[in-house]
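The values are calculated or read from the model by the stated rules, or taken from the named source; none is laboratory data. Everything numeric in this text was worked out from a predicted model, so none of it was measured. Here the Cβ is made from the backbone with ideal geometry for all residues, glycine too, and neighbour counts use every protein chain on show.
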């Protein structure tokens, strides 16, 4: 008999599960409930996976930078890949994943061209080894 009185943050396990058997419930829905900003701050798109350590939630700064936009795309790519690991037949999620991967690749190439390499692979066509050049990717430099 399965427990059917679970919330979206809990999975269902058989009532008489064996002792010492590790079980991991499947994530139920692919529908994110957090806004983009909240998902980036909380570290997940999915409320059911939101388990902050000691109930501490990161707060991202409100101002947008090119690096923060790239980080947001990378975050979405990772979240969708984790979801697809367990929901490989969700064709809509896979199409979204492919489109976000393309946006990330374009954004990373634009960022690397303007600010310098962000990944080792950005050095493949660089004129010289400028990996340690200034400014560092996390240094915010106000333009103009």
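Data table
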{"quantity": "Residue within the range 67-87 that is at pLDDT 80 or above and not in a helix (DSSP H, G or I) present", "calculated": "yes"}
{"quantity": "Subset of the range 29-51 [more than 13 Å from the chain's Cα centre (by Cα), surrounded by fewer than 15 Cβ atoms within 10 Å (Cβ to Cβ) and at pLDDT 75 or above]", "calculated": "35, 51"}
{"quantity": "Hits in the range 91-120 - residues which are surrounded by 10 or more Cβ atoms within 10 Å (Cβ to Cβ) and more than 18 Å from the chain's Cα centre (by Cα)", "calculated": "109, 110, 111, 112, 113, 115, 116, 117"}
